[in-house]
1. With +1 on each Lys and Arg Cβ and -1 on each Asp and Glu Cβ, how big is the dipole of chain A about its Cα centre, in debye rounded to the nearest 20?
2. Please give the FRET efficiency for residue B:112 paired with residue B:206, using the beta carbon to beta carbon distance and R0 = 35 Å, rounded to the nearest 0.05.
3. Express the relative contact order of segment A:11-239 as a whole percentage, based on alpha carbon pairs under 8 Å and six or more residues apart in sequence.
4. Farthest toward the dipole's positive end in segment B:61-316, which of B:74, B:146, B:299, given Cβ charges of +1 (Lys, Arg) and -1 (Asp, Glu) about the Cα centre?
5. As a footprinting exposure proxy, order A:210, A:255 by other Cβ within 10 Å, with the fewest listed first.
6. Which value, in debye to the nearest 20, gives the size of the charge dipole of the protein assembly as shown about its Cα centre, when Lys and Arg are +1 and Asp and Glu are -1 at the Cβ?
7. Can you give the relative contact order of chain B as a percent, counting alpha carbon pairs under 8 Å and 6+ residues apart?
8. Could you list, in their original order, any pairs among A:264/A:285; A:401/B:3; A:201/A:285; A:264/A:414; A:180/A:232; A:54/A:219 whose Cα atoms are separated by more than 21 Å?
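Just so it is clear, none of the values below were taken in a lab; they were calculated from the coordinates. This one's a predicted model, so the numbers in the text were calculated from it and none came from an experiment. Glycine gets a Cβ as well: all are built from the backbone with ideal geometry, and neighbour counts include every protein chain shown.
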Amino acid sequence: MTDAAPSGPLLTMTGMTKQYPGCLANDHVSLTVERNQIHALLGENGAGKSTLVKIIYGVVKPDEGHIVWDGRKVAIQNPGHAQRLGIGMVFQHFSLFEALTVQENIALGLGSARERVGLRERIVRISNEYGLPLDPDRVVHDLSVGERQRIEIVRCLLQNPKLLIMDEPTSVLTPSEVRKLFVTLRRLAAEGCSILYISHKLEEVRALCSAATIMRLGKNVARVIPAEKTVKELAEIMINMDLHAPTPRPLAPSSAPSRLVLNKLTIRSPNHFGTDLKDISLSLKGGEILGIAGIAGNGQSELMDALSGEILAGKPDSVLIDGVPAGHMGPHDRRRIHGCFVPEERNGHGAVTTMTLAENAFLSGFTRRALVRFGVIDTKKTAAFAENIIKVFDVRTTGPKAQARSLSGGNLQKFLVGREVLQEPAVLAINQPTWGVDAGAALAIHEAIMALAAGGAAVMIISQDLDEIFVLADRIAVIAGGRVSAPVLTRDATVESIGRLMGGGSAPAAAGEMAVA
Amino acid sequence: MLKIEARGYESRFWRYASPVLALLLTGATSGLIFMAMGRPAGLTVYTFLIAPLLRQDGFEALVVKAAPLIMMGVGLSLAYRANVWNIGTDGQFTLGAICGGGIALAFPDAPAYVLFPAMVIAGTLGGMASGGLVAWLRIRFNANEILTSLMFAYITQYLLVYLVTGPWRDPQGFGFPQTALFSDTALAPRLIEDTNVHIGILLAPLIAIGLWFMLEKSLLGFQFRVLGQATRAAKFAGFRENRLVWIAMLISGGLAGLAGLLEVTGTLGQLTTTLSPGYGFTAIIVAFLGRLNPLGVIPAGLLLALTYLGGDAAQIDLGLPNAVTGIFQGILLFYLLGCDILLLNRFRWVPSHAKAVR
């Protein structure tokens, strides 16, 4: 195979197979990326997308399969080899040194001194050419997430790649930043750099990509032209089941009493690079779902910890749960007055992965479910509680004795949400309810949250997924830089108006949007 | 080529087989070392592990040595499960002996039913004070307990040397660095007449069973386990880390103090400059060999006690230096920690067909 004619596809992978212990991550997967194409790789978590991408980037060696790159059969040895071939990758999590400048960070990624000659000029040229404005002398610590992503993209473009792999690039961007990124990506594709675009966000894939390979459970299930399918159709191919939208609920009556009140909540983040919370005032009625939108790292985890009591607020009055001052209470006491919480991170925060499901049910359930008698764990009652969560929330597992880490992300999240919902809280706070969860589990979680609110609980959802917030929330507020905007009714809000707030802009003057405060 | 591969789960089989394998490898390695020293390997391992048990008083000596190791090992397994790395039990052991022994020397004529219980309480409190100081330093100043507890072990040792060569030295002791012998009322009650089998030998397994129940079945034990495995989850549950660090250090320190008190009242009968042949450090090996499970600590304590007897036998019968005990124990800990790789990983023989993919 030496026909180096630039006419064939840029990348052809056939029969890619990778076996991990206890898991066939890729089972004879094929992928073809044409030249000048923006190609989407779609699939739920655990479908095998990242394994396939790691094979392309030389991080993982396949057990079987052939890769034809630019007309030549290759075996990609390591990321350095991939880069020399012309493959670049922008990871979901950036690898940047906060204390160094843009130029220093880029220089660190380069191999030899020779490559650093004229680096500054090249950074400026590339960033201008592709609409990625960057000042080489700014320190990364001061940059927004969108700007940090630009560094990673420019870093790849310096190598003149023929294929750029982007892993969930928009999960950290505001809607307007997303639009700018799409302009850049289209331009790159037109100029000969194909793009492999990995995303959950089907609307984006339809707008951007000219072809999509869909994976499920480690296998190819379809290759489609996204624009020809609806979002619903794409999702159904991805998860192989019919989706029905959750049914809308009536708004809580305005006479209902407030169940969760934040009163000028101000907290210094215990984390050095964290975000301080500034003067947050909110009020939630029973039966209401409030969505807190925002870009990652704007104080979401601090807000969640302040709600759960992992960070104590100075004044008891700054957090009221069902009218009881709780700012000084730890999580245990807040549960006693009917507050329940689901943190963002499942592994090691919401759950102890090396413990059984029964033990994890006990972890946050022992207070409200009275699972302790005379200081001793009531094993029978604990197992029954775990069994009940598994049954009601359709958690796929072998039973309460299974270790939490043996569950898939979606199943564990269902278990953790179920653990709190079944404790019948008056107030529930959830951070990222469906982060990294498959569509089927996400739907089950959404329905559970709505049912809980319909039963009279006040629910606060902190999420970086705007779609999710628009589906679930009655009112929406935005957290930016540790401050929370005044909530607006969801039916009065638009993606644009919320997006502006997420980017740190001020609320538009339109008085109607500020009606509910 | 041989490849190490993650299992993705913890092997139940290797959970129990890994210490056995470590023991076999230790036997083989120390055999090689003995051979290099010009002694027959088989005979030496026999002298070390089997001969001591065949002596007339073999079992008596074994349980007397094992009791303090088990008590300290149990306390350490609890602390280690909570990620509290107390490695200064040798000092807590010594301080317990000093506090209890001080009472024995001050009130030699007090009746037994007052004197001995008072010594037990003083010894335990002494160990707890030493452990508590370490907890306080960690919580107040964020000082690493590995360093502070180890340094306290040395401070306490020199305190002991000062006392027995200075203010507490026996005036009728011909200048030897030792205190007067304790009165009979200050000695640990015997389970069997005319032997050294004292009450601590009954107490050690009872403490192990009690703490096993606490660790596995109670809310407090659950808090220790969660803290050790996921600090953030412990916070989320509302468990207070500082309180747990205090309790772990007080329990492990208190048990070491109790072990020290029982050692001086059960076998030595006075304070000297060397109370512990490294019991506190050996207890670390005991805790790991017992899989940080208080019940597993019982057989582990017996085994390590055997190495002390074996070391004595090797000195007397084969003329080997005293250091062989430490070498043997060190090799054992090394293999114990090493073999644990098998818990989460497996070795797989991969024929080098990697070329085929290229």
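1. Numbers: 55 positive and 53 negative charges, 133 e Å.
Here the size comes out at about 640 debye.
2. Working: r = 21 Å, r/R0 = 0.61.
Once rounded, the FRET efficiency stands at 0.95.
3. Value for segment A:11-239: 29 percent.
4. Positive-end residue among those listed: B:146.
5. Details: A:210 14, A:255 6.
Fewest to most other Cβ atoms nearby, the residues stand as A:255, A:210.
6. Details: 78 positive and 70 negative charges, 262 e Å.
Approximately 1260 debye in magnitude.
7. Values: 616 pairs, mean separation 129.8, N = 358.
Normalised by residue count, the contact order of chain B is 36 percent.
8. Values: A:264/A:285 18 Å; A:401/B:3 31 Å; A:201/A:285 32 Å; A:264/A:414 33 Å; A:180/A:232 26 Å; A:54/A:219 16 Å.
From the list (A:264/A:285; A:401/B:3; A:201/A:285; A:264/A:414; A:180/A:232; A:54/A:219), the Cα-Cα distance tops 21 Å for A:401/B:3; A:201/A:285; A:264/A:414; A:180/A:232.
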